[in-house]
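Worksheet: one structure, shown below.
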Amino acid sequence: MSLIKKMKEGLSKTRNSLSQKLFDTFIKYKYISEELYEDLEETLITADISAELAFEFLDQLRDNAANKKIEEVSLLYDELKDILANAIPREEKINIANELNVILLVGVNGVGKTTSAGKIAKMLNDDGKKTMLVAADTFRAAAAEQLTVWAQRSNSLIVKHETGSDPAAVIFDAIHSARARNVDVLIVDTAGRLHNKKNLMNELAKINRVLGREIEGAPHETLLVLDATTGQNGLYQAEAFNEATQLSGMILTKMDGTAKGGIIFNISKEFGVPVKYIGVGEKVEDLIPFERNEFIRALFEDVK
Amino acid sequence: MAFEGLSEKLQDTFKKLRGKGKLSEKDVKDALREVRMALLQADVNFKVVKDFIKAVEKEAVGESVLKSITPGQQVIKIVNDELIKLLGGSAVKLELTKAKPHSILLAGLQGAGKTTHAGKIALHLRKNGRNPLLVACDVYRPAAIDQLKILGEQIDIDVFSIDGEKDVVKIAKEAKDYAINQANDVLIVDTAGRLHVDSTLMEELKSLKNHLDPDEILLVVDAMTGQDAVNVAQTFNKDIDVTGIVMTKMDGDTRGGAALSIRAVTGSPIKFIGTGEKLNALEAFYPDRMSSRILGMGDVLTLIEKAQTSFDQDKMQKLEERIKKDKFTFNDFLLQLEQMKDMGPLEDLLGMIPGMGNNKQLKNLQVDENELKSIEAIVLSMTHQERENPEILNSSRKKRIAQGSGTSVQMVNRLLKQFSQTRKMLKQFNTGGKGKKSKFKFPF
C-alpha cells in the first residue's frame, strides 16, 4: 500500500468528521454570514483547537476576507485552509545520520510510547538500519515484556533490566551493547509520567544527560508522544517535556479514531515543535511520516 | 491539580463581580462569557458548555439576583449549583446487586488505564470485605495479561487467564466457574482498549456484556481527554449501556472538563477517580467537592478526610500538649514528618487548601520530597539525647550527624536554625493573646 494511500486511510475518520462538518457548513451557507463564522468556530473548537486560537484564526480569516474582498463561501474555505496549514510547521525528517543515533520517546501515561517504539523500529529496519529497543520503562508492570513482543515483531534487538531498576543503567548498558554490535539507531522507550510530577521529570532530565554524556549529540531525536484525543492539557505536556528534554518533534497517536488532534495547532504556535509521525492503528506498520500538505489536504479533500 | 486553572479563571471573573454592589444584565453576561471561555479551555464539550451557560443565564439574569444585596455571590452560587447538578449531584457507589458472583466490566480506549484500575478496584473491593477475582480479557495488547498478573501479585489477588485463548466470552465463562469454585464473589474483567469506531471490537464487547450480564459496566476515561470525549462516551454508552465512569490520571494538571461532558452526555455517574500510579490511588468522586474545587473554594473536605485517616489522633493530641508546654523537640518533629508523609505528596495537599489553588507564588513552589528525606535522615542520625536537647549539638556532633545522614554540616545547621525558628513561632502561638491561644489548634 502506498504511503499516501495509507495516510489517507488512516486520516479518513478524522477527515470525515472535521471536513464533512466543514463541507456541510459550506453548502449550508450560500453567503458569508455571522452564522457561518459561528459554525466555523464550533468546528474548530470541537477539533480541540483552543477557543482562543480558534478566534485568532477566524479573526485572521475575517481580515483576509475583507482585504482580498472574498465573497464566495468556497473561496473563504480555501482561505481558512491556508491559514490552518500555515499554522503548523513543515514536515521534517528524523535525524539519524550519525554513527550511533538515539531516539528518545517521552510522554504521559497511556499515549502509546511502547507501541510507537516498536513501529519506528520496524520502519527503520525496513530502511536497512540496525535498531535496538531500550526498555527504559522500568516502572510499569510488564512494560519490558510488552516491548519484547514489539522487538520480535519489528525484528530488532532489545536491552532490558528487571522491573524497578534504574532506567539510566539500562540505557548505559544498551549504549555499550549497541557499540559492540554496530547498531545504527537506539530507540529508548521511557516510563509514562505526568508532566506535573517534578521528581519524575527530573529523572527524565537525568536520562537525557546520561545520553548526552555517552554519545555526542544524543539524543538526536526527542519525540513527545501525544494522544490525539488529548485536549488543552496537551499544551502543558509539551511545555513540561520540552523543558526537561528539549523536544525535537512529536508523534501524534491514535489518529484512526474520531479525535482530530487540533491541539497540535496550539503546540505549534507556542513551541514550533513539528509532528514527525502519526499513529493510525495497532499493527506494526501503522505509523506513517507526517506530511503537512497531505495532512491538510486529507483533512479537507472531500470538500471539493 | 485538576480544575485548578478553571477555578483561577472563574475566581478572576468573580472578583470583578464581587466588587459590585449591584449587577446589570450586562455584567452577568460579561461574566458568563468568561465562564464560557474557562469551561472551553477546561475541555468541556462545546455543546455542553452552551447548555450550561444557558441554564446559568436563565437563573442569573432573574430579578431576585440583580436586586439582591450580594449579586456577585448569588451568581457564584448559581454557577456552583449548576456545576454540581451537571457533575451528578451526589457521590454514587458501586452497585453489586445481581446474582453472585457479581461482575464488573471495564471498557475504554487504549491507554486510558483499564488494567491499572482493574487492580485498584480489586484492592478497593477487598478492603470492603469482598473476595474479588481479576479476569484477563485483554487478549490483544502484548503483555497485557502479564501486566494484570503482576498487579494481582502485588496486591495478592487471584488473576484468571487462559494462555493463548482469543475468545473472550470463553475466558469469561470459565472465569465464572472458577470464581464459584474459589468462592470469589466479584469478577473484575479487564478488556482490551479499543476505538469506539472499531465495529469488530465493539461487537466483541457487546457479546462479552451479554454473556456476563455485569452488575457494573465502567467506562474508563483519561481525564486529559478533549472534545472527543463525548463521541467516545456516547458510542460506548449506546453499544454496552455504561453504568458508571472512572476518570483516570486526575493527579495531572488537567482541568478535567471531560468529566463534565461525559456526565452530561451519558447520564452515567462518575464512580471513581484515579489519582496516581500506586494501586491505592483510587478515590470516590464527589461532585460537590469537585465543584467547589472548580470554583476555587478549595477541596477542604478531602483534605480533612485525608488528615483524619492518616493521622493518629492520640499521637497528635500528645503533640499538641507538648507544644503548649513548649516542649517541642526533634522527636516530635520526626513524628510529625512521618504523619505528613502518610498523607501523600505535599503539592497535592497544598492544592486542596482554599486560596492556595490560585496563589501564583505557591503554584511555582514545588515541594521537594527529596529534601524531606534528607531532613529525616539528619534527625534520625541524632542520638535520643540530641533530639530532646538540640542545644547540646556542638561542631563535632554536627559533623558526625552530617556524615551519618549523608548530608553536610551546612544542611544540619540550616535545619537547626529552621527548627529553632519553628519553636519560637510555636511559643508565640502559645503565649499570644488570650483569645488567640484558645483558638489555636495544631493544624491537624
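None of the figures in this text is laboratory data; all of them are computed from the coordinates on show. The structure displayed is predicted, hence computed values, not measured ones. Using ideal geometry, Cβ is built from the backbone for each residue, glycine included, and neighbour counts are taken over all protein chains shown.
What the table below lists for this structure:
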{"read-out": "Principal-axis tilt of helix A:143-154 within chain A, Cα atoms, nearest 10 degrees", "value": "80"}
{"read-out": "Top of A:ALA117, A:ALA51, A:ALA180 by mean-square fluctuation, Gaussian network on chain A, Cα under 10 Å", "value": "A:ALA180"}
{"read-out": "For the range B:125-211: relative contact order, % (alpha-carbon pairs under 8 angstrom, 6 or more apart)", "value": "38"}
{"read-out": "Placed amide H near B:ILE188: partners under 5 Å, 5+ positions off or other chain", "value": "B:ILE104, B:LEU133, B:LEU134, B:VAL135"}
{"read-out": "Percent of Cα-Cα distances greater than 17 Å, calculated over the range A:97-150", "value": "36"}
{"read-out": "Dimensionless Rg/Rh of the range A:161-304 - Kirkwood Rh, Rg from C-alpha atoms", "value": "1.00"}
{"read-out": "Label-point separation, B:ASP167 to A:ASN182 (7 Å along Cα→Cβ), nm", "value": "5.0"}
{"read-out": "Unit charges on C-beta of K, R, D, E only; dipole of chain A, Debye", "value": "960"}
{"read-out": "Förster radius 51 Å - calculated FRET efficiency between B:GLU388 and B:LYS98, Cβ distance, rounded to 0.05", "value": "0.30"}
{"read-out": "Taking B:ASP167, B:ASP228 and counting other C-beta atoms within 10 Å, the order from fewest to most", "value": "B:ASP167, B:ASP228"}
{"read-out": "For chain A: relative contact order, % (alpha-carbon pairs under 8 angstrom, 6 or more apart)", "value": "27"}
{"read-out": "Using a Förster distance of 56 Å, the FRET efficiency for A:GLU35-B:SER207 (Cβ separation, nearest 0.05)", "value": "0.80"}
{"read-out": "Degrees, to the nearest 10: A:34-46 long Cα axis against longest axis of chain A", "value": "10"}
{"read-out": "Least to most buried among A:LEU100, A:LEU105, B:LEU372 (fewest other Cβ within 10 Å first)", "value": "B:LEU372, A:LEU100, A:LEU105"}
{"read-out": "Efficiency of FRET from Cβ geometry, A:SER74 and B:GLU371, R₀ 56 Å, rounded to 0.05", "value": "0.35"}
{"read-out": "Residue with peak Gaussian network fluctuation, chain A [Cα springs, cutoff 10 Å], from A:SER74, A:SER156, A:SER116", "value": "A:SER74"}
{"read-out": "0 to 90° range, to nearest 10: angle between helix A:51-67 axis and chain A longest Cα axis", "value": "50"}
{"read-out": "Amide H contacts of B:LEU282 (H built 1.01 Å from N, under 5 Å, at least 5 apart or other chain)", "value": "B:THR275"}
{"read-out": "The range B:102-296 - Rg over Rh from alpha carbon coordinates, Kirkwood radius", "value": "0.95"}
{"read-out": "Residue exposure sequence - A:GLU91, A:GLU35 - by fewest surrounding Cβ within 10 Å", "value": "A:GLU35, A:GLU91"}
